[in-house]
Amino acid sequence: MTAPLALAILALALAWPVPIVLARATWTARSPAAALVLWQAIAIAGGLAMIGALLTFGLVPFGDDLVSSGVGFIGWTVGTASLRPVELWNALALGGALLLTVHLLLNLLLTVVRAERQRRRHEQLLLLLSAPIPAGGGARLLDSPAPVAYCLPGALSSVTVVSAGLIALLDEPGMRAVIEHEKAHVRERHDIVLVLFRAWHTSLPWFPIAYRAQREVGLLIELLADDRARRHVDDAVLARAIAEVGAGRAESRDTTQWRDAASIDTVSIRIARLDPAVMPLPRALEGAIVAAAVGLVAVPTLLLLLPAVLSALA
Amino acid sequence: MELMWGTERALSAYDIQAALAGRDDAGRTLAATTVLTVLSRLETKGFVLRERSTRPHHYRAAGSREDHMAELMHEVLGEATDRTAVLERFVGQVSPEEAAMLRRMLDGR
């Protein structure tokens with residue numbers, strides 16, 4: 001009976017206080033890679049603990065650990081044996097575990113399919129409306145006065161797009177900063193992480209933490225791409241490029257349309273951390289954070305499987 | 001596609017083939033079947049409309065270049081929030097306060 005309880009406590013901790021603390025932490029801007037790993041660990045461990053708690057509680061009448069109770073459950077459904085009386089609560093928990101698993105998987109599938117459909121539509125429009133840049137390494141030019149740069153990530157090929165307005169706005173090093181930033185997104189497949197967190201959010205729309213997590217992860221991948229761009233250009237060049245594009249963006253758009261009050265000031269955070277006084281976290285501390293993330297996933301896994309392993313050894 | 005955006009009139013595949021023939025630097029002429037294949041692909045994607053009342057079929061652009069550009073930029077600039085999820089933009093949304101801060105910062109240098 002200890003495993004379901006421990007898993008439930010872990011699920012609650014990962015659903016509420018832990019993400020809040022992490023979202024408020026300021027060290028994440030100094031080490032976006034470690035923070036990103038930690039967010040993913042929280043999502044995986046949280047889901048595992050939630051489903052695991054329901055599953056192990058539901059299976060209590062059928063055996064002492066996950067394997068033996070699973071076997072017992074199958075025996076019970078085919079009608080060979082009923083080991084202990086099955087309570088209503090156990091049945092509800094089992095049903096909940098099943099529903100939650102199916103719900104999460106279906107939403108993931110739906111989010112991926114929807115994103116792919118949007119991506120393809122955008123790509124078709126883009127190919128008609130933009131022209132390849134000569135010697136631009138596969139980048140395309142969009143003939144629009146708005147200063148924009150983005151990439152459209154795809155499973156097989158990704159497209160990086162810059163607008164005529166952006167080229168007019170930035171100088172040569174600034175352009176290089178933008179291109180390196182976008183290339184980092186493409187190379188490190190940031191779109192996969194984004195899609196996973198978006199699926200988590202669409203699965204649990206009433207759950208404020210999922211929205212928070214999606215926003216934080218969105219910011220972290222920008223910081224990560226900035227870090228890659230810093231390997232190629234000066235910090236000051238990158239900061240200036242971000243500021244110029246940001247200011248240009250605001251001018252090209254009717255500001256009365258601004259509605260997303262919950263949005264975080266991504267641009268300020270990105271510029272502030274390019275200040276020479278901001279140092280990345282020490283290597284050892286980064287390592288400790290990654291180790292903690294691995295531990296976080298290991299705990300629910302062990303809680304689920306260890307009793308079965310121990311009884312098999314005994 | 002540029003050709004069809006440039007005219008109000010519906011064009012047949014042969015008109016398009018003839019018009020394109022003069023453009024290629026190497027002076028090659030596209031086969032009529034190639035033009036038809038491209039047209040039917042554009043039709044399934046919803047970029048051109050086919051008029052079946054005439055023989056041969058005539059095609060016209062489904063929307064102007066500006067229409068398509070507006071749709072694309074709508075997504076790129078993040079005004080259609082539900083549809084911009086697939087893009088990874090260099091700079092996303094900027095709030096008015098933040099924009100003012102950036103202006104001051106740039107002017108200060």
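The values are calculated or read from the model by the stated rules, or taken from the named source; none is laboratory data. Remember, predicted model here, so these are calculated numbers, not experimental data. Cβ coordinates were reconstructed from backbone atoms using ideal geometry, including for glycine residues, and neighbour counts include every protein chain displayed.
Tabulated data
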{"quantity": "Unique residue being surrounded by fewer than 16 Cβ atoms within 10 Å (Cβ to Cβ), within 22 Å of A:Ile271 (Cα to Cα) and either away from every other protein chain (no Cβ under 11 Å) or of a type in the set (Asp, Glu) (or both) when the list is A:Glu216, A:Glu172, A:Glu182", "calculated": "A:Glu172"}
{"quantity": "Residue in the stretch A:81-102 that is within 11 Å of another protein chain (Cβ to nearest Cβ) and at negative phi present", "calculated": "no"}
{"quantity": "Options A:Ala53, A:Ala13: the member that is surrounded by fewer than 17 Cβ atoms within 10 Å (Cβ to Cβ), among the small types (Gly, Ala, Ser) and not assigned by TED's automatic domain parsing to the domain that holds A:Ala272", "calculated": "A:Ala13"}
{"quantity": "Exclusive hit being more than 18 Å from the chain's Cα centre (by Cα) and either free of Cβ contacts under 8 Å to residues at least 12 places away in the same chain or crowded, with 17+ Cβ neighbours inside 10 Å (or both), set A:Val162, A:Val193", "calculated": "A:Val162"}
{"quantity": "Candidates B:Arg89, B:Arg103 - the one that is facing another protein chain (nearest Cβ under 7 Å), modelled with pLDDT of 80 or more and under 22 Å from the mean Cα position of the chain (by Cα)", "calculated": "B:Arg89"}
{"quantity": "Any strands (runs of 3 or more DSSP E) falling wholly within the stretch A:113-161 and containing at least 2 residues that are facing chain B (nearest Cβ under 8 Å)", "calculated": "A:149-152"}
{"quantity": "Options A:Gly75, A:Gly95, A:Gly70, A:Gly46: the member that is outside the structural domain of A:Ala292 (by TED's automatic domain parsing) and not in a loop (DSSP other than H, G, I, E, B)", "calculated": "A:Gly95"}
{"quantity": "Where A:Asp64 falls short, out of the listed (1) in a helix (DSSP H, G or I); (2) in contact (Cβ under 8 Å) with a residue 24 or more places away in the chain", "calculated": "(1)"}
{"quantity": "Per-region count, the stretch A:4-30, residues in contact with an Asp or Glu (Cβ under 8 Å, 6 or more places away or on another chain) and hydroxyl-bearing (Ser, Thr, Tyr)", "calculated": "1"}
{"quantity": "Flag if A:Asp234 is surrounded by 20 or more Cβ atoms within 10 Å (Cβ to Cβ) and in contact (Cβ under 8 Å) with a residue 24 or more places away in the chain", "calculated": "no"}
